[in-house]
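The values are calculated or read from the model by the stated rules, or taken from the named source; none is laboratory data. Not measured: the values here are computed from a predicted model. Cβ coordinates were reconstructed from backbone atoms using ideal geometry, including for glycine residues, and neighbour counts include every protein chain displayed. Areas reflect the complete protein model, heavy atoms only, side chains present, ligands, DNA and RNA absent. Shrake-Rupley method; radii C 1.70, N 1.55, O 1.52, S 1.80 Å.
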Amino acid sequence: MAKSVTRICGILTSGGDAPGLNAAIRGVCRTAIDMYDIDILGFEHGYRGLVENKFKIMKPSDFSGILAQGGTILGTSREKPFKDKNWEISGGASPVERIIENYKKNKLDCLVVLGGNGTNTTGALLAKEGLNIIGLPKTIDNDIVETDITFGFHTALTVATEAIDRLHSTASSHNRVMVIEVMGHKAGWLSLYSGVAGGGDVVLLPEIPYRIDSIARHLEDRVHHGKTFSIVVVAEGALSVEESRLDKKTFKKSREQMSGSIGYRVAREIEESTGIESRVTVLGYLQRGGTPAAFDRVLASQFGTAAANMLAEGDYGKMVALHDNKIVRVPLEKIAGRTKTVPLDDRMIETARDVGTCLGD
Ligand code: F6P
C-alpha cells in the first residue's frame, strides 16, 4: 500500500448530472482505496448531503460495474451553500457553517467535488474557509475555464450529432426547415460542435446574437440553389441582436412572456420571414442521460485517478484539468466565478464559416 497524506476524504457530485460521473467516482475511489487505503465517505445529493451529513462509506461493491452507467450513484442537486439564503438549517447554523462542522465531525482530510462552474466555485470558497478541496470538471456544456474539455461534453456531442443526422431525412422528405435546440445556456460549445459535426446549415450560439434577416437570406439562398431543406441548430441560450441590447431585467421579463423556448421562436421567425415550413426538436435531457461515450469514460477515469494521487500527495486546493492533452492541476481560485464561452476567433467558428455555415450574424 502506497503512503498517503490523506486518511479520510469525502466525495460528492453536484450540479446537472453528466455522462462520466460514475466513471470519475470509480476512478477516485478505486485508486484511493486500493492504492492508498484511504477511507471515502460518499455524500448524497451534492452539497445538501454534506449539510445534512448524509453519506455512505464507499466500499468496492459501491463502485463496481458503474464505469458505463449514466448519472451519478451519489445523486446530485443544485444547492449553492454560499448563495441559497433561504436554506433552513436546524439549529440556526448557515449551510456553510454546517458543512464546516460536518467536515470536522467526520475528520475529513479533504473533500473531492465533481461538478461544473457552480460546484467548483463553491469548492474554491470552502477552500478559503480552510477546507482541503479537490475539484473535477464535469459538464456537458464544456464551459469550465482552464481545461480544454470537461467530461460529459463528448457524449452530449455524440447524442446531438446523431439527432441532427436523423433530422436530415425527415427535413428533406418534407422540404422543411428543422430547428433543433441543444443545451448550453451561457456557452455555445455544444451547438457549435454538433452543428459542424452534423452539417447544420445555421448554428446559433449565445456568443453571437442573431439577425433573423441574415438567417432568412441564407435559407432562401439555399432554396435558390436547389437545397429544399435546412437544419438549424440553436443553443438554448441563443438570443437576437435586439435582445442583446436589453438590460438583464427587461430581457428576463421578455423571455418569461415568450411562448415556448428559443427554438420555437426561431422556427416561427423563419416561417414568417421565408414562408418555409419549419418544425422544432428540443433535445433536452437526452444529452445528459445514458451511458457515457468511450472518450468520456477514459477522461473521467484519468481525472478520477489523478485526484486520488493528489489526495495521497496532500496537493489540495486545485481542480484536475486537461491541457494540451496532459492532465494538470489548476488552482481553484482560477476557476471560481468564471465561464468558458466560445471565443469569436475560435478555430471551430472559423471551420463553421469555412464550410458555409450561417452563424446568424
Ligand atoms: O449545466 C448543464 C445543463 O444541462 C445546461 O446545459 C442546462 O441549461 C441545465 O444544465 C439544465 O439545468 P437543470 O438540470 O437544473 O434543468
Original post:
On the given criteria, is residue 184 crowded, with 18+ Cβ neighbours inside 10 Å, small (Gly, Ala, Ser) and closer than 22 Å to residue 19 by Cα?
Top reply: yes
Original post:
Of (1) open to solvent by 10 Å² or more (accessible area, probe 1.4 Å); (2) touching a Ser or Thr at 6+ places or on another chain (Cβ under 6 Å); (3) within 21 Å of residue 139 (Cβ to Cβ), residue 209 satisfies all except one. Which?
Top reply: (3)
**OP:** Could you check how many residues of segment 267-287 are within 16 Å of the ligand (Cβ to nearest atom) and buried (at least 20 other Cβ atoms within 10 Å of the Cβ)?
**Re:** 2
**OP:** Restrict the check to segment 305-317 and report whether at least one residue is loosely packed, with under 15 Cβ neighbours inside 10 Å, in a loop (DSSP other than H, G, I, E, B) and either of a type in the set (Asp, Glu) or within 16 Å of the ligand (Cβ to nearest atom) (or both).
**Re:** no
**OP:** All but one of (1) away from the ligand (no atom under 16 Å from the Cβ); (2) more than 29 Å from residue 149 (Cα to Cα) hold for residue 255, so report the exception by its number.
**Re:** (1)
Original post:
For segment 212-230, which residues satisfy the criterion of being buried (at least 23 other Cβ atoms within 10 Å of the Cβ) and closer than 16 Å to residue 166 by Cα?
Top reply: 230
Original post:
What pairs come up if the first residue lies in segment 306-323 and is in the same structural domain as residue 147 (by TED's automatic domain parsing) and under 13 Å from residue 8 (Cα atoms), the second is open to solvent by 20 Å² or more (accessible area, probe 1.4 Å) and in a loop (DSSP other than H, G, I, E, B), and their beta carbons are under 6 Å apart, counting only those six or more places apart or on different chains?
Top reply: 312/4; 314/5
**OP:** Go through segment 183-205 and give me each residue that's away from the ligand (no atom under 15 Å from the Cβ) and on the phi > 0 side of the Ramachandran plot.
**Re:** 199
